[in-house]
Amino acid sequence: MRQTALTFAALLGIGLAAPALAQSTAAQQPANEQVIVPEVQRREVPLPKFPSKDFEISALVGTYATQSFGASAVAGVRLGYHLSEDFFVESVYAQSKVTDKTFEEIFPGAGPLADTDKKLSYYNVSAGYNVFPGEIFLGNKYAKASSIYLIGGVGSTKFANQRRQTFNVGFGFRVLFSDRFAMRVDVRDHIFSYDLLNVRQNTQNLELTTGIAYYF
């Protein structure tokens, strides 16, 4: 009888201690604790380097119409940088050969450029804005990205042994045949003054050029 009472007392003690023990264990181990920690072997992945293709270089050829002296061939180089899809900047250097043949036919050996260098050269820095970006369709199967842009800037022109500050304004058309090549057509008005025969005058000198551009 005594042994039965002791057994009953032991079972009762275990039953009362079990909830407290379970509560203590639950308090020690948070519910959201991750039991299994995965062992992931991390490795370095090199990022691919894509060319930006924001720089542009091209050659230009065309016609430069010097006021009072007619039109002559012009050639040069162009280097540009595209700041965004809408804005770009560029610098240009070009040369042309001016002739005063018409004056020499009237006054042999006494034309206004008789004693001067007949080469005209200029450089400028300009900013452009793509006004109408879009596409041009070549037949029924091909479509190429294109844009019409406005451009203007400032530079210097050397003509008739004189160097004058020059402003240029104009517009152009660009067609991209691929990610790296494009064709451009530009119309510019170069505005500067010169002094010939003791007469100083402001001039408007129109230029039409075309060229193939390379992007890198």
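Quick notes
- In region 111-121 there is at least one residue that is open to solvent by 100 Å² or more (accessible area, probe 1.4 Å), modelled with pLDDT under 75 and not small (G, A, S).
- Entirely in region 136-216, the strands (runs of 3 or more DSSP E) that have 1 or more residues that are of a type in the set (A, V, I, L, M, F, W, C) and surrounded by fewer than 13 Cβ atoms within 10 Å (Cβ to Cβ): 142-159, 199-215
- You will find that of E105, E44, E85, the residue that is modelled with pLDDT under 70 and open to solvent by 80 Å² or more (accessible area, probe 1.4 Å) is E105 and no other.
The values are calculated or read from the model by the stated rules, or taken from the named source; none is laboratory data. All values reported here derive from a predicted model rather than from experimental measurement. Quick reminder, even Gly has a Cβ in these numbers, built from the backbone with ideal geometry, and neighbours come from all protein chains shown. The area values use the complete protein model at the heavy-atom level, side chains included, leaving out ligands, DNA and RNA. Shrake-Rupley method; radii C 1.70, N 1.55, O 1.52, S 1.80 Å.
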